[in-house]
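Everything on this sheet refers to the single structure shown next.
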Amino acid sequence: MLKKISLVLFLITLSNSVALAETITLANQGTYVGDVKDGKPNGQGTLTYLDGEKYIGQWKDGYRDGKGKLTYIDGSVYIGEFKDNKIHGQGVFTSKSGSRYQGEYKHGKMDGQGTYTYPNGKKITGTWVNDSPVQ
């Protein structure tokens with residue numbers, strides 16, 4: 001009997017911690033489906049922008065914050081970290097043409113250690129500042 005009671009309490013604890021996904025329309029942005037706190041995206045969710053771009057990932061207080069995937073309307077993709085709604089931290093950007101940057105980003109720009117690979121395979125590895133390699 002004691003084992004059954006423990007199981008019931010465990011299930012109740014799990015059910016109380018499960019967040020249900022909500023769908024909200026964000027003015028001038030698009031449709032968001034995911035965790036919401038105080039009317040804002042918070043937790044895990046997906047925003048499909050009005051222009052067709054799509055972000056799937058973590059949110060904090062209405063901003064992209066944490067790990068996520070941003071798919072641009074031209075087919076380019078960024079997978080990595082975000083902070084305060086900007087690409088920031090470690091990530092990989094792959095353009096529709098096949099060029100690729102893997103490394104550090106700061107405030108939406110390649111900044112820090114990283115490798116840029118051209119579609120033909122040529123690579124530039126090193127330090128980047130404000131989207132440009134440092135010689």
Exercise. Taking Cα atoms of the stretch 74-135, Rg/Rh with Kirkwood Rh, to two decimals?
Worked result: 0.96
Seminar exercise, completed: Taking trypsin sites (Lys or Arg not before Pro) in a DSSP loop with at most 13 other Cβ atoms within 10 angstrom as exposed, one finds the longest site-free stretch of the chain at 1-95
For this session: Show which lysines lie in cross-link reach of residue 69 when reach means a straight Cα distance below 23 angstrom and same-chain residues fewer than eight apart are skipped.
Result: 37, 40, 54, 60, 83, 86, 96, 106, 109
For this session: Could you please report the charge total around residue 63, scoring K, R as +1 and D, E as -1 over all other residues with beta-carbon less than 14 angstrom from its beta-carbon?
Result: +1
Exercise. Nearest 10 degrees, 0 to 90: what angle lies between the long axis of helix 2-17 and the longest principal axis of the chain (Cα atoms)?
Worked result: 50
Seminar exercise, completed: Candidates for percent of Cα pairs over 22 Å apart are (i) 38; (ii) 50; (iii) 76, and the calculated one carries label (ii)
Exercise. Measuring from the lowest to the highest alpha carbon on each principal axis, how far does the stretch 45-99 reach, largest first, in angstroms?
Worked result: 34, 27, 13
Seminar exercise, completed: With residue 86 itself left out, Lys, Arg at +1 and Asp, Glu at -1 over residues whose Cβ is under 12 Å from its Cβ give 0
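FYI, it's all coordinate maths here, none of it is from the lab. No experiment lies behind these values; they were computed from the predicted model shown. So basically every Cβ, Gly included, is an ideal-geometry build from the backbone, and we count neighbours across all protein chains shown.
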